[in-house]
Amino acid sequence: MADHAYITTPLYYVNAEPHLGSTYTTVVADALARFSRQRGIPTVLQTGTDEHGEKIAETAREAGVSPREFVDDVAAKFQATWDSCGIQYDNFIRTSDPAHIEFVQEVLTRLHANDDIYFGSYEGLYCVGCERLYTEKELQGGLCPDHLTKPTEVSEPNYFFRMAKYQDAIREHIEKHQGFIHPEGYRNETLGILREDLGDLCISRPKERLSWGIELPFDAGYVTYVWFDALLNYVSGPAALGRFDELWPATLHLIGKDILKPHAVYWPTMLLAAGYPLYDRLGVGGFWSSGGHKMSKSLGNVAKPLELRDRYGMDALRYFLLRDMAFGQDADFTEQALVTRLNADLANGLGNLVSRTLAMTKKYFEGRVQPRLPETEADAVLATAFANARTKLDAHIDDLAFHRGLGAVWEAIDVANKYVADQAPFKLAKDEAQRPRVGAILHNCIEALRVAAQLVAPFLPESAEKIREALGVEPEQFANLDLPWGDAFSDDHTVSGPINLFPRVES
Ligand code: MSP
């Protein structure tokens, strides 16, 4: 197992407030970071905002404020949103932070001195929404495939980074390292890009056209191209924390598929040129769509995370995002699908197991946990279901298959609900002679709840905490994933009365 983990989200453009698309990647990153911390790995989660470039300058102009005022306002909204959503980030980086700017200039100075940057002429079709050039072939009917807008033709003298020089080295690295880009389809797509002539990367914009950016240290007439600036955050962040050597390259970059090329091609070539080892892994997610098109501010079809959180709870939103999308593939968002998940898996599944177990323990034993009895076959099936869930969960999460990992935990929760139905403690309780067996069944159910709560904690942190409290398990004990089944509760232990974790939502 790795000794450290460094997990990153993309830096979100501050031209729009957070929406479900940005929330998805952030929730995935947060769940992974919690998962990794729970397994004893010191973990750093970095997120933040991408604040320079033409798109931001344009949006600020339209809003009638200076770029500085504009980015301060929206960056604060991003941070406040992640705080309200309970995202446990360790570092929130802004590309307008002085430490980041200094870092970018230092790298540019080095690359320029090494002759990895030269002056040339820049021509092509530029999409401001994507902040990148497109080839004719990449356009759909002459339009940017993501923004459905016509790119502008640009032609101007600029500085270039000798990206092509590193093309073969990156291609060989990706060919040798199967897991470098995940899922595999995106690895193949990247190899496809790297088999064609890549060319060099234009990394500047003349100040007369765009002044909102990081000035080139070797030519005050230019600012840095926004992607060249923003990608360096992944190194400037831990460097500013004084933790670069400890964290790099134990890095997992999480991104959406629209920014594959900058992360799988530009960024590794930049790392090689700047003399840093390549990152460990790139995890590429698909798009949430709504009404048949990618959710985005420019198309106006966005769902707002805080509204959904207020209506259904953050854990229900997290569960839906992680369970209803196979990481890497696209999924369609509807509120109805969220409600269906909530009712079926959370209210009827986990919520029901919690409330009936606590209710019966309260009713028959005033909340006191009873001794276990020698294990029956049914008891063993229950214990094994949770042991298997743990093994499967770990393997699926390693593969970034969140939907499968949660599916495996819910298989065990279903086994537990079936155990209650089949063992029928509510029937046995009518017979005084069966009291010890009723107590033992409920003890097993309480164990099932304890393990279920531990397994879901990275994904549903608020609910796991409520279950932990209701069971009266100390945080230290709760943190121990390897506590053997049957050892967590002594006979004089008391659990709370029933709690309603996930009220059913009528659609
Ligand atoms: N600023 C760049 C990233 C720089 S990283 C050094 C950027 N920002 S963005 O705000 O436009 O997008 C950020 C992330 O949100 C991307 O990974 C993008 O794929 C993701 N999403 C935006 N809309 C999305 C959906 N509708 N669905 C899923 N994720 C999507 O690109």
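Residue pairs whose Cβ atoms lie under 6 Å apart, separated by 6 or more positions or on different chains, with the first residue in the range 12-38 and closer than 20 Å to Ala326 by Cα and among the hydrophobic types (A, V, I, L, M, F, W, C) and the second within 11 Å of the ligand (Cβ to nearest atom) and assigned to a helix (DSSP H, G or I), are Val27/Leu321. Within the range 306-321, the presence of at least one residue that is out of contact with any His (no Cβ under 6 Å at 6 or more places or on another chain) and within 11 Å of the ligand (Cβ to nearest atom) is confirmed.
Just to be sure before I move on: is Lys392 within 23 Å of Val284 (Cα to Cα) and not aliphatic (A, V, I, L, M) in the structure I sent? Considered against the rule, which asks whether it is within 23 Å of Val284 (Cα to Cα) and not aliphatic (A, V, I, L, M), Lys392 comes out as yes. Inspection of the range 205-218 finds no residue satisfying the criterion of being within 22 Å of Glu138 (Cα to Cα), in contact with a helix residue (DSSP H, G or I) (Cβ under 8 Å, 6 or more places away or on another chain) and at pLDDT 95 or above.
Scanning the range 200-215 for residues that are surrounded by fewer than 22 Cβ atoms within 10 Å (Cβ to Cβ) and assigned to a loop (DSSP other than H, G, I, E, B) gives Asp200, Lys207, Glu208, Arg209, Leu210, Ser211. In the range 428-449, the count of residues that are surrounded by fewer than 21 Cβ atoms within 10 Å (Cβ to Cβ), without any contact (Cβ under 8 Å) to a residue 40 or more places away in the chain and touching a Leu at 6+ places or on another chain (Cβ under 7 Å) is one or more.
Here the range 245-290 is the region considered, the condition is being within 14 Å of the ligand (Cβ to nearest atom) and in a loop (DSSP other than H, G, I, E, B), and the residue that is surrounded by the fewest Cβ atoms within 10 Å (Cβ to Cβ) is Gly286. If you filter the range 458-482 down to residues that are surrounded by fewer than 23 Cβ atoms within 10 Å (Cβ to Cβ), in contact with a Lys or Arg (Cβ under 8 Å, 6 or more places away or on another chain) and touching a residue at least 40 places away in the same chain (Cβ under 8 Å), you find that the one that is farthest from Leu406 (Cα to Cα) is Leu481.
Based on this model, can you work out whether Arg187 counts as more than 13 Å from the ligand (Cβ to nearest atom), assigned to a strand (DSSP E or B) and in the same structural domain as Gln167 (by TED's automatic domain parsing)? Against the criterion (more than 13 Å from the ligand (Cβ to nearest atom), assigned to a strand (DSSP E or B) and in the same structural domain as Gln167 (by TED's automatic domain parsing)), Arg187 does not qualify. If you go through the range 485-497 one residue at a time, do you hit one that is assigned by TED's automatic domain parsing to the domain that holds Glu366 and of a type in the set (S, T, N, Q)? Among the residues of the range 485-497, not one is assigned by TED's automatic domain parsing to the domain that holds Glu366 and of a type in the set (S, T, N, Q), which makes the answer no.
Does the range 17-34 include one or more residues that are of a type outside the set (D, E, K, R), modelled with pLDDT of 95 or more, surrounded by 23 or more Cβ atoms within 10 Å (Cβ to Cβ) and away from the ligand (no atom under 16 Å from the Cβ)? Yes: one or more hits. Among the numbered conditions (1) modelled with pLDDT under 95; (2) surrounded by fewer than 17 Cβ atoms within 10 Å (Cβ to Cβ), the only one that Pro305 does not meet is (2). Enumerate the pairs (first residue in the range 124-144 and within 19 Å of Asn15 (Cα to Cα); second residue anywhere and basic (Lys, Arg) and assigned to a loop (DSSP other than H, G, I, E, B)) with beta-carbon separation below 8 Å, excluding pairs fewer than 6 apart on the same chain, so at least 6 apart or on different chains. Listed pairs, sorted by first residue: Cys144/Lys150.
Could you say whether any residue in the range 229-244 is more than 16 Å from the ligand (Cβ to nearest atom), touching a Ser or Thr at 6+ places or on another chain (Cβ under 8 Å) and either charged (D, E, K, R) or not assigned by TED's automatic domain parsing to the domain that holds Gly120 (or both)?
no
The values are calculated or read from the model by the stated rules, or taken from the named source; none is laboratory data. What you are looking at is a predicted structure, and each value in this text was computed from that prediction instead of being measured. Neighbour counts are summed over all protein chains in view; Cβ atoms, including those assigned to glycine, are modelled from backbone coordinates with ideal geometry.
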